[in-house]
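Quick notes on the structure that follows.
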Amino acid sequence: MKKLCLLGLFVSLASHQVLAATTPVPLENKDAFISNLMKQMTLDEKIGQLRLISIGPEMPRELIRKEIAGGNIGGTFNSITRAENRPMQDAAMRSRLKIPMFFAYDVIHGHRTIFPIPLALASSWDMDAIGQSGRVAAKEAAADSLDITFAPMVDISRDPRWGRSSEGFGEDTYLTSRIAKVMVKAYQGETPSAADSIMASVKHFALYGAVEGGRDYNTVDMSPVKMYQDYLPPYRAAIDAGAGGVMVALNSINGIPATANTWLMNDLLRKDWGFKGLAVSDHGAIFELIKHGVARDGREAAKLAIKAGIDMSMNDTLYGKELPGLLKSGEIEQKDIDNAVREVLAAKYDMGLFKDPYLRIGKAEDDPADTYAESRLHRAEAREVARRSLVLLKNQNETLPLKKDAKIALVGPLAKAPIDMMGSWAAAGRPAQSVTLFDGMSSVIGDKANLIYARGANITGDKKVLDYLNFLNFDAPEVVDDPRPASVLIDEALKAAKDADVIVAAVGESRGMSHESSSRTDLNIPETQRELIRALKATGKPLVLVLMNGRPLTILEENQSADAILETWFSGTEGGNAIADVLFGDYNPSGKLPVTFPRSVGQIPTYYNHLSIGRPFTPGKPGNYTSQYFDDTTGPLFPFGYGLSYTTFALSDMALSSTTLNASGKLDASVMVKNTGKRDGETVVQLYIQDVTGSMIRPVKELKNFQKIMLKAGEQKVVHFTITEEDLKFYNAQLKYAAEPGKFNVQIGLDSQAVTQQSFELL
């Protein structure tokens, strides 16, 4: 009897092995291959594929390998070296069906080489430079065994109180949509299955940048028209560009959290837009459905998420705990699970992992001797992109560029701040490899005696803020104060300034102040730094402010005090060299703002393409009973699209090829651009269109195209834009996307305010 039992067990195991090894369809036939694989999977193996796990104290490496070998995990995130990921893929190859793992990470603006933050990248208005940053990031990430990134983040944000403004590309739908396409193609290359490409996962779907009060994780309440017109197009652009994944937002839409929103995830994303990729929840978002108040318990939360179309559960245990019971009770169907599994397997197929599970991991003998070696960085590319992202906001009396033989006082808490230079979401970047502003200026000046450094102030004097910034890094705090009194620090800065020809002050935010969960009610530079600026102004010496920040700040007073202001954002590994290139004139700044700078926080939200109103404020005319703030100047401090150069540009009157346009025709809008200064330089020529009269209120203007052009001193060039009916379409009150006949104003300028205008009629 014992022998018979053993024989039965042997036959059973053997049949499982034969079943697992049976692949009657070729790998090249994707759908058939996946269908065949799914027929072989148990329910537990299917649910395992839906788990996206972060390695941490609750999931140590030994346990995770055991779970992977058991077929219980589909992918991990935050393990970022070949040596870390190879044993996990080995464990997957020991599993019954040998389904490969994928490895994910937030590769946002670089991987080992850190490029400027996304808001800075957008400031370049340079699609080639932006694309280059994404391509380098993908190559570096793939070389470290990563398969997918949770990027690009294309949430439109018009409220700079929101800390994640730094991770997006600004306030404008058109510009962000252009960048979304570029970034997806940069990450994925010709195909996401290439060894030097990674899959893009666009986020946060949807409307995450419109959280009320600029407070992270807050609710979103928005009209359908605004949603379709302004906020949804960048996600659509990324998906149309081939993004393999979507990360789902934490906010609600129409009162239903995105993670449980069947209309959003199924009707809109999959049915209307035709998305066939992978939908991943945000961190712990399924469990949070309970806190949102739409699920009674974990069981209902898992049910809502799987039925809404959430394929993978990020760092959330509910799918594993609840899906078997939900299926058994009939509350969900097998197809709900199978649809999700199919998407996960299809993503792995598209990543090239079924063909070669070690495609990006490689062989151990080929691992870099030093993962963090200097030779693995792409410094030249980072420097070039960074200097293109800097925006010159003010340059009174040609204070800039600085003379290389001048005696310069460099002050401010951000002058020697390697970790802040990288910005948030700095992936695998190392602060020790960052070039600070002090480093960059020192290398240009050469004579150290001519660069006098003093800290001048701490980032903030608010202990509560300081503790908040450091609470996740209590063992190695990011923001470290100089313990000396503020007055002593300022006195030291004044002493440095006394002997200098010009003062350069590096001021703004620490990187943690513009990050996830870092919402602010006050957009001023912290008071400790403002006191420093006032003291420096009082010296009477020329004062240059180098701003480092991840959002627009309210710098009304600073703008009045400074002779020159250079917006550098957080400019990455080579930031110090890039900033020095601009300060000393080795590069002529060409960046333009992708977001409006308000005069005060009370103006928020303020953005250039606001809707027309019945009582608009007109500068220079009586203001009573018009839309204004009576206690301050109405309008922004710096408008969208604004940015100066060390040369000057002039635009001639615009020419239109016709005053009418029919539905199938084209209209040419042209303008002569002349470099009227003494230096070669680049500028961004911007095309805006206003629909004068529509069936519903339309914006005062909308960006529809732009060109970045280089002109030598004295050179002039005609810039042409083609306008078609497609440029005039919008979502009407019935959410139909169409153009309406009537009058349109065409505006061309070097920012959104200083424009030349002509009109035409759509027949």
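The values are calculated or read from the model by the stated rules, or taken from the named source; none is laboratory data. Computed from a predicted model, the values in this text were never measured in an experiment. So basically every Cβ, Gly included, is an ideal-geometry build from the backbone, and we count neighbours across all protein chains shown.
Only one entry of 222, 314, 247 meets the criterion of being over 27 Å from residue 78 (Cβ atoms) and of a type outside the set (Val, Ile, Thr), and that entry is 222. Please work out which residue is nearest to residue 579 (Cα to Cα), limiting yourself to region 86-128 and to residues that are among the small types (Gly, Ala, Ser) and part of a loop (DSSP other than H, G, I, E, B). Looking at the filtered set, the residue picked out is 124. Regarding region 712-721, can at least one residue be identified that is within 22 Å of residue 760 (Cα to Cα) and of a type in the set (Gly, Ala, Ser)? No, region 712-721 contains no residue that is within 22 Å of residue 760 (Cα to Cα) and of a type in the set (Gly, Ala, Ser). Applying the criterion of being of a type in the set (Ser, Thr, Tyr) and surrounded by fewer than 23 Cβ atoms within 10 Å (Cβ to Cβ) to the residues of region 80-127, the residue that is farthest from the chain's Cα centre (by Cα) is 95. Of everything in region 412-429 that is in contact (Cβ under 8 Å) with a residue 24 or more places away in the chain and over 20 Å from the mean Cα position of the chain (by Cα), the residue that is farthest from residue 497 (Cα to Cα) is 417. Residue pairs whose Cβ atoms lie under 9 Å apart, separated by 6 or more positions or on different chains, with the first residue in region 751-763 and free of Cβ contacts under 8 Å to residues at least 40 places away in the same chain and assigned by TED's automatic domain parsing to the domain that holds residue 661 and the second of a type outside the set (Phe, Trp, Tyr) and outside any loop (DSSP other than H, G, I, E, B), are 754/651. In this structure, does residue 706 turn out to be at pLDDT 95 or above, within 32 Å of the chain's Cα centre (by Cα) and either hydrophobic (A, V, I, L, M, F, W, C) or not in a strand (DSSP E or B) (or both)? Answer is yes for this residue.
If only one of 329, 313, 252 is under 24 Å from the mean Cα position of the chain (by Cα) and farther than 30 Å from residue 173 by Cβ, which one is it? Only one candidate passes the filter, namely 313.
For region 710-731, which residues satisfy the criterion of being over 18 Å from residue 656 (Cα atoms) and surrounded by fewer than 17 Cβ atoms within 10 Å (Cβ to Cβ)?
Hits for region 710-731 are 710, 712, 713, 714, 715, 716, 729.
Among the residues of region 511-555, those that are of a type in the set (D, E, K, R), assigned to a loop (DSSP other than H, G, I, E, B) and either surrounded by fewer than 24 Cβ atoms within 10 Å (Cβ to Cβ) or free of Cβ contacts under 8 Å to residues at least 24 places away in the same chain (or both) comprise 516, 520, 522, 541. Collect the residues in region 271-290 that are over 14 Å from residue 305 (Cβ atoms) and surrounded by fewer than 18 Cβ atoms within 10 Å (Cβ to Cβ), keeping them in residue-number order. Across region 271-290, the qualifying residues are 271, 272, 273, 274, 276.
Set side by side, the residues 695, 645, 627 differ, and just one is polar (S, T, N, Q), surrounded by 19 or more Cβ atoms within 10 Å (Cβ to Cβ) and under 35 Å from the mean Cα position of the chain (by Cα), which is 645. Look at region 298-333 and say how many of its residues are in contact with a strand residue (DSSP E or B) (Cβ under 6 Å, 6 or more places away or on another chain), of a type in the set (A, V, I, L, M, F, W, C) and not in a loop (DSSP other than H, G, I, E, B). Number of matching residues: 2. Just one residue in the set 550, 641, 602 is assigned by TED's automatic domain parsing to the domain that holds residue 414, modelled with pLDDT of 95 or more and either under 28 Å from residue 706 (Cβ atoms) or out of contact with any strand residue (DSSP E or B) (no Cβ under 7 Å at 6 or more places or on another chain) (or both); that residue is 550.
Give me the residue from region 431-444 that is in contact (Cβ under 8 Å) with a residue 60 or more places away in the chain and not small (Gly, Ala, Ser) and, out of that set, farthest from residue 543 (Cα to Cα). This residue is 433. So in region 220-236, with the set limited to residues that are hydroxyl-bearing (Ser, Thr, Tyr) and crowded, with 22+ Cβ neighbours inside 10 Å, which one is farthest from residue 259 (Cα to Cα)? Among residues in region 220-236 that are hydroxyl-bearing (Ser, Thr, Tyr) and crowded, with 22+ Cβ neighbours inside 10 Å, the one farthest from residue 259 (Cα to Cα) is 231.
Conditions tested, residue by residue: (1) crowded, with 16+ Cβ neighbours inside 10 Å; (2) acidic (Asp, Glu); (3) in a strand (DSSP E or B); (4) not assigned by TED's automatic domain parsing to the domain that holds residue 125.
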{"site": "368", "(1), (2), (3), (4)": "no, no, no, yes"}
{"site": "383", "(1), (2), (3), (4)": "yes, no, no, yes"}
{"site": "386", "(1), (2), (3), (4)": "yes, no, no, yes"}
{"site": "397", "(1), (2), (3), (4)": "no, no, no, yes"}
{"site": "400", "(1), (2), (3), (4)": "yes, no, no, yes"}
{"site": "410", "(1), (2), (3), (4)": "yes, no, yes, yes"}
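If you go through region 656-680 and keep only what is in contact (Cβ under 8 Å) with a residue 60 or more places away in the chain and of a type in the set (A, V, I, L, M), you end up with 656, 661, 663, 667, 669, 671.
Scanning region 259-271 for residues that are among the hydrophobic types (A, V, I, L, M, F, W, C) and either outside the structural domain of residue 50 (by TED's automatic domain parsing) or closer than 16 Å to residue 303 by Cβ (or both) turns up 260, 265. Of the conditions (1) under 30 Å from residue 149 (Cα atoms); (2) hydrophobic (A, V, I, L, M, F, W, C); (3) out of contact with any Lys or Arg (no Cβ under 7 Å at 6 or more places or on another chain), residue 496 clears all except one; give me its number. Status for residue 496: all satisfied but (1). Between 373, 369, 409, 346, the distinction of being without any contact (Cβ under 8 Å) to a residue 60 or more places away in the chain, hydrophobic (A, V, I, L, M, F, W, C) and farther than 30 Å from residue 129 by Cβ belongs to 369 only.
Within region 425-469, the residues that satisfy the criterion of being assigned to a loop (DSSP other than H, G, I, E, B) and touching a Leu at 6+ places or on another chain (Cβ under 8 Å) are 455, 456, 457, 458, 459, 460. Checking each residue in region 339-360 for being part of a helix (DSSP H, G or I) and more than 22 Å from residue 289 (Cβ to Cβ) picks out 342, 345, 346, 347, 348, 349, 350. Being of a type in the set (S, T, N, Q), more than 17 Å from residue 437 (Cα to Cα) and either in a loop (DSSP other than H, G, I, E, B) or touching a Gly at 6+ places or on another chain (Cβ under 8 Å) (or both) is a condition met by no residue of region 556-578.
Residue 465 passes every criterion in (1) surrounded by fewer than 20 Cβ atoms within 10 Å (Cβ to Cβ); (2) touching a residue at least 24 places away in the same chain (Cβ under 8 Å); (3) over 26 Å from residue 116 (Cα atoms); (4) among the aliphatic types (A, V, I, L, M) apart from (3).
Scanning region 242-254 for residues that are buried (at least 20 other Cβ atoms within 10 Å of the Cβ) and within 13 Å of residue 273 (Cβ to Cβ) returns 243, 246.
Applying the criterion of being among the aliphatic types (A, V, I, L, M) and assigned to a loop (DSSP other than H, G, I, E, B) to the residues of region 583-630, the residue that is nearest to residue 442 (Cα to Cα) is 593.
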